[in-house]
Structure formats: C-alpha cells, structure tokens
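Worksheet: one structure, shown below.
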Amino acid sequence: RVRFGFVCAMIVLGSPIMAQSPAVNTAKKEVELARQKVYPALVNISVVARFFNGGRTQRAPAGGSGVIVNKEGYVLTNFHVAGNTTRIVCTLITGEAIEAKVVLHDPLTDLSVLKLMLEKREDPALPLPFANLGDSDAVQVGDTVMSMGNPLLLSSSMTLGIVSNTKRVFTDFTGTQIQEQELDEGERTGVFTRWIQHDALILPGNSGGPLVNAQAEVVGINELGGNGIGFAIPSNIAAKVLKGAIEKGSMTRGWIGVTVLPVS
C-alpha cells in the first residue's frame, strides 16, 4: 500500500521520473519538423527498366525513391533507379501519381534529375510540396539525420540515426588506393563522391530518397546501404548536378589525368 501510494503521489505531483527529458522533446520536435517539411516531398518512383539479355531487349518493373526539390517539380534520385528506363511514374504520399521525364543522367555521381509532367495533373495549378537542399559541408559526425524512402517498394517511411562519417571513401584492402563503385548496369560511380555515412536504416527501395538533418533540410541523397550502415551522396554535389540540369541539361567536367590517393 505504501509503495502504491508513493507512486500515485509522484504521478500527481508531476515526478521527473515520469516526465520526458529535454533531449527526448528536442528529438520529437526535429522528427516532427522533418515530417512536416520534407516527408510530403518524398516520391515513390516506379519505372519500367530496360536491359539486354541474350541479344534481346528485356523490360521489367522496378523502382526506388526520390525527392521533389523545387516548386517547378524537379526531382532528385539515383541514376541506378531512373537510368535505363522507358517509363517513370512518381507517386506522392497523397497517392497522386505523376508521370516524369528525364532531364539529366549523371552516372559518375549516380544521380538523375527528373521533371514531373505537371501539365498531366488533374489540377496543374495545385501547389506542389518540395524540400530545401541544405549545406552538406556543415554536417558533422554525431549529427541527427533521418532517411526517407520506400523500403522494399512499400509505402513511404522514415527512419532515424546519426552521421558516422562525413567523407567516407572506399579503398582497397591495403588502404593505398581509392576504389570506385560499380553499379549493376556496369556504370562507374563515386569518382566525385565522398559519401555521408550514417546508420538511419535504409533498404532496397530507399535508393534516391533524401537524408534529412535536424533543420528539415536535405543534406544527402541515399545511395547504398546494408547491415545497419548507409551511404548518401552529399547535397552539395546534388545541388551542382541539379543546377547543371536546369541551366544546361548536362554536366560539364574537366579531366587532368590525376589519380588521388588516400593520405595516412
């Protein structure tokens, strides 16, 4: 009886034991802010993939994730999601499906820029949700991040984690040579990328979805993941690709024949 009465008294008096800590409240506010500002801009990308087998052109359904990044309807996603496709449809979290066209493929960063065909909407004047790109150079180890996407091509989801490394590169087993990644299509990638490594759960289908910071800004585009670890293309790289797509419809780069090696 004494123990029960003590607990009741503590509940009535608003015991610190039962109250949420400031850290918990802060985390809830960050998640809620991201849900309000970025989650509506998340799209589920369905594609008809084209590939070759036995000398014949084959087609199959596939998909991934993406994020709308301005009011004109430009979408950032991975090249390995939108590349080598014959049809692309982006579905908003409201269930509205909008066909999209390719503006730019950039395999060397594994990014694609799409444009929603807003003229095909029932109401083309209806405002479109979009997310803002943040400064990926400001990301620090330990920062809270959220991954948004469509794991296993199921409905949109969001997971929480922290940044583990801000400039991850992959090297050979001796640590003396930086290795490029190779996509399923045989395209090289990672030539210009230093990935943001994080532990916000991502699964197949999350590719191309946004990595979001505590200020509800997109600081990365998720690309690789597995075994509790994920890698995102920094938003500053994505911003340059987006700018090239909108202004020129292409990416122009110079090459001086230099190979960069890790420094001990």
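The values are calculated or read from the model by the stated rules, or taken from the named source; none is laboratory data. Quick caveat, the model's predicted, so the values are computed rather than measured. Note that each Cβ is placed from the backbone with ideal geometry, even for glycine, and that neighbours are counted across all protein chains shown. Areas reflect the complete protein model, heavy atoms only, side chains present, ligands, DNA and RNA absent. Shrake-Rupley method; radii C 1.70, N 1.55, O 1.52, S 1.80 Å.
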* For L160 paired with N227, estimate the spin-label separation in nm (one decimal), with each label point 7 Å from Cα along the Cα-to-Cβ line. => 2.7 nm
* Could you give the distance between the Cα centres of segment 44-87 and segment 226-264, to the whole Å? -> 20 Å
* Structure fact -> Averaged per residue, the 1.4 Å probe accessible area of segment 20-74, protein heavy atoms only, in Å², is roughly 58 Å²
* Structure fact -> Packing-ranked peptide list from 95-101, 142-148, highest mean Cβ count within 10 angstrom first, is 142-148, 95-101
* How large is the accessible surface per residue of segment 124-166, computed with a 1.4 Å probe and reported in Å² as a whole number? -> 51 Å²
* Asked: Taking a point 7 angstrom from the Cα of V141 along the C-beta vector, which residues in segment 192-216 have backbone N less than 19 Å away?
  -> 194-200
* Please list 197-208, 152-163 highest first by mean number of surrounding beta-carbon atoms within 10 Å per residue. => 197-208, 152-163
* Taking all protein chains as present, what is the carbon and sulfur share of the accessible area of segment 200-264, in % to the nearest whole number, probe 1.4 Å? -> 58 percent
* Asked: Among 53-65, 214-226, how do they line up from the highest to the lowest mean number of other beta-carbon atoms within 10 Å?
  -> 214-226, 53-65
